[in-house]
Amino acid sequence: MSAPSMSAIEKLRQAVQDRHRYAREWKARTGGKVVGYLCSYVPEEIISAAGMLPVRVFGSREPQDVTEPHIASYYCPYCRDCLAQALLGRYDYLDGLVIGHSCFHILQTFNSWRRHVPLSFDYHLFVPQHVRSPRAKPCLTEVLVDFQAALQEWSGQAVTDGALDGAIAACNHNRRLLHQLYQTRKDPSPPITGAQAMEVVLASQVMDKGENSQLREQVLSELPGTDGAGEMVRLMVVGSENNDVELLRLTESLGARVVVDDHCTGSRYFWNEVIPGPNRLEAIAARYIDRVPCPQKDLVEKERLPHILKLAQGFGVQGAILIQEKFCDPHGFDMPQIQALLKANGIPSLLLEVDITTPAGQFRTRLEAFLEMLQTGTA
Amino acid sequence: MKGQRFETAHLECWDKGKEMRREHFREIWTAKERGVPLVIGLGEMFQPMLCALGEYADMGYGTKLPFIMRHRDLGTKCLEAWETRGFSRDCCSVMRADLGTMYAEVMHRAPDGKLIRPDLCIEMSFCPNMGRTGRLVADYFNIPYFYIDVPPDDFNMETAYRYLMDQLEDCLEWMGRVTGREINDELFIEGVRNEWQSRKLWGQVQELQKATPAPLDSRMLQSLLVPGTMVKQKKECVEFYRMLLDEVKDRVDRGISALGVEECRLLYEWMVPWYYLRIHRYPLRYGAVFIGGTIPAAWAVWDMAGDGTWTVAQTPEERGLPLRTRRDALRAMAEIYLEKTPGVHWYRTSRGDKAENDVMGRFRDWHAHGVVFHQDQGCRAAQVGQNEIRMALQKAGIPVMAFEASQCDFRVFTEAEVLDRFDAFLEGLGLTPIES
């Protein structure tokens, strides 16, 4: 059977590739503001409820030479890549920029961005680092009250409870659709590749939720029962803000299928929902506090590790590719522990250290060797 | 003041500071035989909380970091102990070295060779790597762990205070539970009072550094700061800094200088490479003196004005805020870390423009002629905003140099290259080598 025609998937893919054009067109069409955000702890619900389009800032994974004066070369490539996009004018359509309090690296991106490419609205949104502290939810709720007020003041429009309810429902629906899509990947011969799945999730972070969900529903209806490629080595990818679709394509071209991930641009972005409550902001705060934590916020309980293992086992993973952004401290502390946990549970892993660009030849060799070892049971 | 020479004098209180350090380590190594809780972590902050336990010993980050910085073979063994466990060589060098001493069983080995085990670990999020280190430490020793999330200071301050104070109160209760000891609020309050006093006195010493010639240099300040990092919550530290302040005032009155020459006054920003402390005095061959910098300033308490003017903060009680209850003391302690220590906030907030104002203010008011930045590969926190600050200073016409190294990983230090940079910078300031 040949690969299925997935026009909706193609549209989502195009939205990711032409994300700047999409945002500009959205802006021209609606007259609304576009707000870029750094870090998946920024609550899209509130930005959407304010009638704005939240757009996750991604790098382009192209060589660049504009960030060196602003960010040390030993900061992570992702934060340098994101700043490069701003300095190169690729996000010149943004009206505002929000960062969720996270690591030093991305904070520097935000600081340099607002200094050199000033916007009429920028916001450093404090998100507690110890998310399992009983003090975290009340704190984030208070922070979100201030954030909502700041958006209102900036836009001159009230963010009503009705608008919040609508945005919560739209985001939750979007998350459910992504869950449904991921569930299909448990199939022995998944109907969607890992690269396609990544593009679908990325699209959700740069598109209007309603439009995105419509396409997503279409994707689900168009999916065949299988991709026809037969059973392949089932892999998981684990890491940080990974939008490197090409790396997944390369991996899958070697006879593997990426069936699940643990990335903040992937499953961690949508894994849990807002449970609606009378206090909307409290409900939103609870969602972000309760989500599978980023390693930056998983400082005490180490919840992410068993979650990764559960995903690996639930999706029948045979091996894992651990993607470490060079110089990333939070993930650097986690990776050996993840490797040890997976190994103890019979899941071999391959650690790839990545920079802005992917050394395709070198990675191909390493991936081939890893897959061969998995196929022969020698990993 | 080309060619001018000044009198120098030994600091009378120097030996007292050394003795305090020895006593601190004696407390750690004898904690078990004395039956007092041995605490690891805290990053040399929030120590008044420990006072609430009555007796305790505080290992801080660990005990052997300076030691392995002086003994490179052992230092290499410790750094590699981290790396052989699969952790990245790119992570924070302090935490790598610290955890390396633990994995290599150096950190907790007493002078008599016995290994001791801390009883509880408390860490905080000034830098998230500290939090992650605390987790690994607690796992290694299999001891209870408490984590304090310190918020930045660029959002609603009442929310920030409430969040931090509530966590600190939780921590006090937790400490009582895991040690089986009663939490003594009076001792806690006294500890907070002492920390405020210690920091204020230390700030007053910094202010005296505005004098020409400066009575102390950065190398002296670094040693004199040790009690302020390790035991600032204790009465002995307050007494020591009072003694130091009197002596430094006297040095200023008598025109006693740090090093005998002062043709140029420099600020040193961020940490030194701990294995290369002679960097403090390298400019001396050109008659230049490091008179202070971020780190000594960070351990005082300051009121910051919008124009970058640094004024030593008054204690809460001097401002009419009594320390009567636990909440009073929690707020006073939170105030130090949320509002009165600007250096540690630069890297946690989005207020980069404030940071450059603060450095410019120090440059102006301490009558400096240049600023040296350590671009610390091994510390992301130290690097936040540094490039932007450097550019802003250059734009303002302030001579700036930067050298790249790592505060705890001597394997990346290129001495000749770093010293060449210093030579070029100092010559660029119009200085020439002086005769010793």
How much net charge surrounds A:Arg234 when only the other residues with a Cβ under 10 Å from the Cβ of A:Arg234 are counted, with Lys and Arg +1 and Asp and Glu -1?
-> +2
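Over all directions, how big on average is the projection of the convex hull of the alpha-carbon atoms in segment A:46-115, in square nanometres?
4.9
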What residues have an amide H closer than 5 Å to that of B:Asp58, excluding those fewer than 5 places away on the same chain, when H is modeled at 1.01 Å from N in the peptide plane?
-> B:Val39
Note to self: C-alpha centroids of segment A:197-276 and segment A:108-147 sit apart, in Å, by 27
Taking a 27 Å limit on the Cα-Cα distance, which of the listed pairs A:Lys297/A:Lys343; A:Lys209/A:Lys343; A:Lys11/A:Lys186 fall beyond it?
-> A:Lys209/A:Lys343
Helical mean residue ellipticity (222 nm; -39500 (n - 2.57) per DSSP H run of 4+; nearest 500) of chain B = -14500 deg cm²/dmol
Counting only the backbone N, which residues of segment B:167-188 are under 15 Å from the spot 7 Å out from the Cα of B:Arg327 toward its beta-carbon?
-> B:167-170
How far is helix B:352-365 tilted off the main Cα axis of chain B, in degrees rounded to 10, range 0 to 90?
-> 60
Only Lys, Arg (+1) and Asp, Glu (-1) charged, at Cβ; chain A dipole about Cα centre in debye | 260
Round to the nearest 0.05 the FRET efficiency obtained for A:Gln214 and B:His367 when R0 = 51 Å and r is the Cβ-Cβ distance.
-> 0.15
Taking Cα atoms only, Rg over Rh for the protein assembly as shown with Rh from the Kirkwood formula is 0.98
How much FRET efficiency would the formula 1/(1 + (r/R0)^6) give for B:Glu317 and B:Arg117, where r is the Cβ-Cβ distance and R0 is 51 Å, rounded to 0.05?
-> 0.85
Treat each spin label as a single point 7 Å out from the Cα along the C-beta direction, and report the A:Ala340 to A:Glu231 distance in nm.
-> 3.3
Inter-site label distance for A:Gln313 and A:Glu68 at 7 Å from Cα along Cβ, in nm = 4.9
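Can you tell me how much longer the chain between A:Glu222 and A:Asp187 gets when fully stretched, taken as 0.36 nm per residue apart minus their C-alpha distance, in nm with one decimal?
11.0 nm
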Diffing segment B:423-430: the Karplus 3J(HN,Hα) column from phi (6.51, -1.76, 1.60, θ = phi - 60°), in whole Hz with x for Gly and Pro, holds 4, 4, 5, 5, 5, x, 7, x
Taking N as the number of residues in segment B:189-428, what is its Cα Rg relative to 2.2 N^0.38 Å?
-> 1.01
quick note, the protein assembly as shown, DSSP beta bridge pairs, % antiparallel (nearest 5) is 5
For a quick protection proxy, order the peptides A:348-359, A:314-325 by their average other-Cβ count within 10 Å, most packed first.
-> A:314-325, A:348-359
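Count the net charge of all other residues whose Cβ sits under 9 Å from the Cβ of B:His367, scoring Lys and Arg as +1 and Asp and Glu as -1.
Computed value for this residue: +2.
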In degrees from 0 to 90, rounded to the nearest 10, what is the angle of the helix B:185-208 Cα long axis to the longest principal axis of chain B?
-> 0
In whole µm²/s, the translational diffusion coefficient that Stokes-Einstein assigns to chain B, given a Kirkwood hydrodynamic radius over C-alpha pairs, 4 °C and 1.567 mPa s, equals 58
Under the classification rounded if a/c is under 1.5, otherwise prolate if a/b is larger than b/c and oblate if not, where does segment B:14-184 fall, given a ≥ b ≥ c as square roots of the Cα gyration tensor eigenvalues?
-> oblate
Between segment A:331-358 and segment B:364-436, what is the C-alpha centre distance in whole Å?
-> 37
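When N is the residue count of segment A:1-98, what does its C-alpha Rg come to as a fraction of 2.2 N^0.38 Å?
Details: Rg = 15.7 Å, N = 98, 2.2 N^0.38 = 12.6 Å.
So segment A:1-98 has a normalised radius of gyration of 1.25.
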Which aspartates and glutamates, on any chain, are close to B:Lys16 with Cα under 12 Å apart, when same-chain ones fewer than 8 places away are left out?
-> B:Glu236, B:Glu239
Around B:Pro273, what is the net charge, scoring Lys/Arg as +1 and Asp/Glu as -1 over all other residues with Cβ under 15 Å from its Cβ?
-> +2
Any chance you could give the angle, 0 to 90 degrees and rounded to 10, that helix A:161-184 forms with the longest Cα principal axis of chain A?
-> 0
Mind checking the log10 I(q)/I(0) for chain A at q = 0.07, 0.08 Å⁻¹? Debye, one equal scatterer per Cα, no solvent, two decimals.
-> -0.29, -0.39
Assuming R0 = 30 Å, can you tell me the calculated FRET efficiency for the pair B:Lys32 and A:Asp290, based on Cβ-Cβ distance, to the nearest 0.05?
-> 0.15
May I ask what percent, to the nearest 5, of DSSP beta bridges between residues of segment B:189-428 are antiparallel?
-> 15
The simple spin-label model distance between A:Ala149 and B:Arg421, using points 7 Å out along Cα→Cβ, in nm, is 4.4
Have a look at the DSSP beta bridges in segment B:285-424 and tell me what percent are antiparallel, nearest 5.
-> 35
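None of the figures in this text is laboratory data; all of them are computed from the coordinates on show. Note that the structure is a prediction, hence the values are computed from the model and not measured. As a convention, Cβ positions derive from the backbone with ideal geometry for all residues, glycine included, and neighbour counts pool all protein chains shown.
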